[in-house]
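K.L.:
The structure under discussion is supplied below as structure tokens; questions concerning it will follow.
What follows is calculated from the coordinates using simple rules that are stated; it is not laboratory data. Fair warning: this is a prediction, and the values are worked out from it, not measured in the lab. We place every Cβ from the backbone using ideal geometry, glycine too, and count neighbours over all the protein chains shown.
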Amino acid sequence: MNVVKNSAMRFSFIMTSLAIFITFMAIAFYIVMKTLHKEEPDWATMGVFAGGIAAVLTGAGWNKTRQKEIEANGKE
């Protein structure tokens, strides 16, 4: 069995992480802009949104970990 070093799962995990980082930076920008305009940010909505993003990253990370286990054991 040949193990591919550059897997699509690794690329997918990196792209997912990058997209989530950019999204969190946008949330930070939103908070700063609301603060500068002396308005209260909508914390509840941002919390739910951030929780959803964390769930996506957790799923992507678990899939990457599982793929590594399968590659290490040589199973399909």
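K.L.:
If you fit an axis through the alpha-carbon atoms of helix 8-36 and take the longest principal axis of the Cα set of the chain, what angle between them do you get, 0 to 90°, nearest 10?
P.N.:
10
K.L.:
A follow-up question, please. If each residue of separation counts as 0.36 nm, what is the full-extension length gain between GLN67 and TRP43 once their alpha-carbon separation is subtracted?
P.N.:
Length gained, GLN67 through TRP43: 5.0 nm.
K.L.:
With all pairs of different alpha carbon atoms counted, what Kirkwood hydrodynamic radius in Å does segment 8-73 show?
P.N.:
Result for segment 8-73, one decimal place: 13.6 Å.
K.L.:
Take every Cα pair under 8 Å in the chain that's 6+ residues apart, average their separations, divide by the length, and report that relative contact order as a whole percent.
P.N.:
In percent, rounded to a whole number, it is 47.
K.L.:
For ARG10, ARG66, what ranking results if the residue with the fewest other Cβ atoms within 10 Å of its Cβ goes first?
P.N.:
Final ranking by Cβ density, sparse to dense: ARG66, ARG10.
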